[in-house]
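The values are calculated or read from the model by the stated rules, or taken from the named source; none is laboratory data. Bear in mind the structure is a predicted one, so any value in this text is a computation, not a measurement. Every residue, glycine as well, gets a Cβ built from its backbone with ideal geometry; the counts of neighbours run over all protein chains shown.
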Amino acid sequence: MNTSSKFINPYPFAILLLTLLFSSLVAAQQAAVASAHPLATDAGLEILQQGGNAFDAAVAVTATLAVVEPYSSGIGGGGFWLLHIKNKNRDVMIDGREVAPLAATRNMYLDKNGEVIPGASINGPLSAGIPGVPAAIDHIATHYGRLPLSRSLDAAIKHAREGFKTNAHYQRMASIREKHLNATPDAAEIFLNDGKAPKPGTLIVQTDLANTLSAIAARGADGFYQGEIATRLVSSVRQHGGIWSKLDLSSYRVVEREPIRGSYKGMQVVSAAPPSSGGVAIMEMLNILSGLDYEKRTSADRKHLMAEAMRRTYRDRAEYLGDTDFVNVPVDRLVSIQHANAVASDISPDQATPSEQLKAVAAAVNKATDTTHFSIIDKDGNRVAATLSINFPFGSCFVAEGTGVLLNDEMDDFSAKPGVPNIYGLIGNHANAIEPGKRMLSSMSPTFVETKDRYAVLGTPGGSRIITMVMLAAMEFYQGGSATSMVDLGRYHHQYLPDKIVYEPGVLNDDDMQILFERGHELEELDDTYGNMQVLVYDKRNNRIDAASDKRRNGSARVIEFTD
Ligand code: DON
C-alpha cells in the first residue's frame, strides 16, 4: 500500500499557524476621533495615546472645541454625551443641557401686548440658560474616565492661553454676529479685530478663559459654579440685564438618562432622550418607514415618503415634546409601532398631505447656524457621540466680564409663545414652555446605530435639521453605506411647518423635482449646504474603523493604531 498519498506535509500548516499567531499578536487595535476642528481631534487622540479612554478623550475634545470653535459650543453652553461603556455593555446619556434660570417666567420674552420681542431670546445675557458643560465634563471624568481633569483639559488651556488661528468659517460666523459681539467689551476684545470679524489666520488668545478652565481643572465643577468665577458670572450677567443668581449656578445638576432605543429591520438604534427630541423623532420616522417598503421604492418615492414621515414626526415634536422632568411626554407611545402605524395611515403614496390639514399652527422661516458634534471610539470599544451647543453662532454674544466665558442663547429653544416659531422655525406648545429650572427642548441627536456586522457613531449640528440629517445617514448606514457616504449624502428636510421640502443645492434631480412637485410638495433649493457631520463606522468583521468628517466644513477625522 502506498502510504505516501496519506502523508500530509506539516510545513504549510505550521506556517499558517505561525502567521495567524503573529498577525493576532501584531494586529493593531484601532481608535478614532472625528470632530469639527483638527486641534480638537488631535487633543482627543493625544489623550487616547496617553492611556486615557474614550471618555477622557471626550472631555479633552469638548474643552478644546470650546476654545477653538467658540461660535459653536463652549463652557458657557450645554450638550448631550451618549456613552457606550464596553465592559458593562451599557449605554447612558449624560444630559448637560442648560436650564432656565430660577427667575425665568413663561412670558419673559413677550411685550405688554403679548407679542414676542424680536431678539430678546437670542442676544445678550437674558437669552442665556445656566450652562451644563463644566458640570458634564467633571461628571464624565469622575465617573467614566481614567485621567484627572487637569490632564484632559491641558490642550484646551494651552490653546486658550497661547491662541489659535482662525479660518474662513470663523470669519463668516463672526460677521453674522459682529453687531452683537460689539455690544459687550469683553466679547469684542476677544473675538473681533478692531470691531470687525477677523481675517483667516488671526490669532485668538483667550487668557481669561484659560484661567477659568484652569479653575475647573483644579477644582472640578466647583471651580465654575462656586467661588470667584461664579460671583463674576452672576454679577456681570445681572449688570447687563440678565437674571442669573448664585443659586442658579450652585444648584445646576447633570442628569444621567436612559437613551432612546429601538430598531429598524434588525438595525439597533440608540439615541438622545428628552430633553432632546432627537431620539424620539428618529425612532418615530424609522417606525413609519418600516411599514412602507422604503428601500424598494424609486428615488422620488423615497423622498416623498421620507418627507411625509418627517412632516408628521415634527408635528408630534411640536405638540408633545419637552423636558420630561417637568412635563409628561408620552415617549413610549411616540416610539411605538402602533403610533407609527396610526400616524402613517393617512400618508398617500402620490399626494403630499398639507401640514395644516394635520393641524393648523403658524409657519416660519428656518435659519441654519452653528453647534458641534464629535464621535470617538477607543481601542477597547468604548464609544462617545456628543453634540454640544451654545445655540446661535457665538451664542448670546455676551462674555461675562473677566471670565472669558461666552454665554449661550439656548433660551430660544423654548417655545416663547405657543405656535410662534423660534429661530429654527420650530414651534412648540405647553410641553416646551419656559419654567424655572426646566431644560429647553433640543434637536441634538448623538446616535449609535448597529447591525450584525458594523456599528456607527454619529451626529451633527444644524438646528431643527439635525434630526433629519441623522435619520438620512442612519438609513444610508442601514443600506451598507460607509462613513464617507453617510456624511457626503445630499440632505433634504421637512419639519411640518413651514410646509415645504428644503434641500441642499443639487440634491433633487429633475425627476425627483417634477414628481414631488406634482404630488403637491413645495420645494426650496437652499443657497448653501448645511450640517457638519462626524461619523465613525466600526466593522466587527475585521475590527477596522472607517472615519469621516463632513467635507462641507473644516473638521478632521483620524484613526490611530495601538500595537500593544
Ligand atoms: O439644541 C438645539 O436643538 C439647538 N440649540 C441646536 C442649535 C444648532 O444646532 C445650530 N446649528 N447649526
Selection within region 64-86 - among the polar types (S, T, N, Q) and within 15 Å of the ligand (Cβ to nearest atom): Ser72, Ser73
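Here's the yes/no breakdown for (1) in contact with a Ser or Thr (Cβ under 6 Å, 6 or more places away or on another chain); (2) away from the ligand (no atom under 16 Å from the Cβ); (3) closer than 24 Å to Pro118 by Cβ:
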{"site": "Ile376", "(1), (2), (3)": "no, yes, no"}
{"site": "Asn391", "(1), (2), (3)": "no, no, yes"}
{"site": "Pro418", "(1), (2), (3)": "no, yes, yes"}
{"site": "Ile427", "(1), (2), (3)": "no, no, yes"}
Among (1) surrounded by 24 or more Cβ atoms within 10 Å (Cβ to Cβ); (2) more than 22 Å from Ala307 (Cβ to Cβ) - the single one Arg454 does not satisfy: (1)
Residue count for region 242-289, restricted to those that are in a helix (DSSP H, G or I) and outside the structural domain of Cys397 (by TED's automatic domain parsing): 12
Residue that is surrounded by the most Cβ atoms within 10 Å (Cβ to Cβ), among those in region 269-287 that are without any contact (Cβ under 8 Å) to a residue 60 or more places away in the chain and more than 14 Å from the ligand (Cβ to nearest atom): Glu284
Single residue of Arg465, Arg439 found to be within 16 Å of the ligand (Cβ to nearest atom), basic (Lys, Arg) and out of contact with any Asp or Glu (no Cβ under 7 Å at 6 or more places or on another chain): Arg465
Residue within region 335-355 that is closer than 27 Å to Glu98 by Cβ, modelled with pLDDT of 95 or more and more than 16 Å from the ligand (Cβ to nearest atom) present: yes
Leading residue by the ranking (farthest from the ligand (Cβ to nearest atom)) among those in region 521-564 that are in a strand (DSSP E or B) and free of Cβ contacts under 8 Å to residues at least 24 places away in the same chain: Leu523
Pick from region 106-134, criterion of a type in the set (Val, Ile, Thr) and either in a helix (DSSP H, G or I) or within 20 Å of the chain's Cα centre (by Cα) (or both), ranking: surrounded by the fewest Cβ atoms within 10 Å (Cβ to Cβ): Ile122
Pair list, Cβ < 6 Å and 6+ apart or interchain, from region 501-520 residues that are within 11 Å of Lys303 (Cα to Cα) to residues that are outside any loop (DSSP other than H, G, I, E, B) and among the basic types (Lys, Arg): Asp512/Lys303
Breaking point among (1) surrounded by 21 or more Cβ atoms within 10 Å (Cβ to Cβ); (2) under 22 Å from the mean Cα position of the chain (by Cα); (3) in a loop (DSSP other than H, G, I, E, B), for Leu508: (2)
